[in-house]
Amino acid sequence: MLGPGMNRFLRDLGKLAAAALALVFPARCAGCGAMEAEDGLCARCAGEAWSRRPRCFRCGADLRGPGAWRDRDAGCRACAGRDLGVARTAVVGPYEATLRRLVRRLKYGGRTSLGRPLGALLAARVSEEGLAADVVVPVPLDARRERRRGFNQAELVARELARRAGLPLEPRALARVRPTPALYARSAQERWEAVAGAFAVLDAARIRGRRVLVVDDVLTSGATLAACAAALRAAGAAEVVAACVARRERRRMAAASA
Ligand SMILES: [Zn+2]
Ligand SMILES: [Zn+2]
């Protein structure tokens, strides 16, 4: 018969093992805490994150009103006549509710396992929208910021997307050559000025003549994508298309800054 000390020891060991296992295999959904989660995301939250609304083919903006489905293929007024640098943009959904919570858990909560389900959702969207590419390139983080965070969330998402699409991933082809200030809470104009010329292609041989799919976690003004696309085209990319997990909608940005 075991003494009370031994019993306590075994009980504590059990708790420790459960905690260690939870770290390795987070069974709970990062969106709602439910237990039936595959890769940290349950089917209900995945469904909530997946937008069924029409979005602008060029900039990914959420479209509303009677002409929304028609505008989807014609492009929205907001991006018409503006050089975004990307021919098309695929987005899983707006940066709000469940999708916003998931992106924040990945980015700021260090829940790196979420790169897989979010990458899977984005891969499904890229396929649904029929985006064609030869290579996947994540938007690079500032090297100092990446060291501090320990990972680049865009790269984690891009890795899963590339795997599912059967495309090569080039996480080091593009780099930030100039650190940029945190863009949060900046106006669209400030964002465009802050990131212009901030990116460069380090290895043009991996880009030249290829159709590049640029991947980011959150699309806000499009300034970062445009700066990446400019660098990729300067290196000889045949075409640049984009895929972003979530898009911050303009009207909500306006409301937030008011
Ligand atoms: Zn859930
Ligand atoms: Zn648009």
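Against the test of being at pLDDT 95 or above, more than 17 Å from the chain's Cα centre (by Cα) and surrounded by 19 or more Cβ atoms within 10 Å (Cβ to Cβ), the options Ala231, Ala198 yield a single qualifying residue, Ala231. On the stretch given as segment 56-73, residues that are of a type outside the set (Asp, Glu) and touching a residue at least 40 places away in the same chain (Cβ under 8 Å) total 4. Within segment 69-86, the set of residues being surrounded by 13 or more Cβ atoms within 10 Å (Cβ to Cβ) and away from ligand 2 (no atom under 12 Å from the Cβ) comprises just one member, Gly85.
Figure legend. Inter-residue proximity from segment 74-94: first residues over 14 Å from Thr224 (Cα atoms) and part of a loop (DSSP other than H, G, I, E, B), second residues among the acidic types (Asp, Glu) and more than 12 Å from ligand 2 (Cβ to nearest atom), beta-carbon distance below 8 Å, spacing 6+ or different chains. Indicated pairs: Ala87/Glu239; Arg88/Glu129.
Being over 20 Å from Ala133 (Cβ atoms), touching a residue at least 24 places away in the same chain (Cβ under 8 Å) and over 17 Å from the mean Cα position of the chain (by Cα) is a property that Arg250 has. Can you find even one residue in segment 147-155 that is in contact (Cβ under 8 Å) with a residue 60 or more places away in the chain and surrounded by fewer than 15 Cβ atoms within 10 Å (Cβ to Cβ)? No.
Is one or more of the residues making up segment 164-171 more than 27 Å from Arg116 (Cα to Cα) and among the charged types (D, E, K, R)? Among the residues of segment 164-171, not one is more than 27 Å from Arg116 (Cα to Cα) and among the charged types (D, E, K, R), which makes the answer no. In segment 38-64, the qualifying residues are those that are out of contact with any helix residue (DSSP H, G or I) (no Cβ under 8 Å at 6 or more places or on another chain) and open to solvent by 20 Å² or more (accessible area, probe 1.4 Å), and the one that is nearest to ligand 1 (Cβ to nearest atom) is Arg44.
The values are calculated or read from the model by the stated rules, or taken from the named source; none is laboratory data. Quick caveat: nothing in here was measured; it's all calculated off a predicted structure. A quick note on method: Cβ atoms are made from the backbone with ideal geometry, for glycine too, and the neighbour counts reach across all protein chains shown. Note: accessible area is taken over every heavy atom of the protein model, side chains too, but ligands, DNA and RNA are not part of it. Shrake-Rupley method; radii C 1.70, N 1.55, O 1.52, S 1.80 Å.
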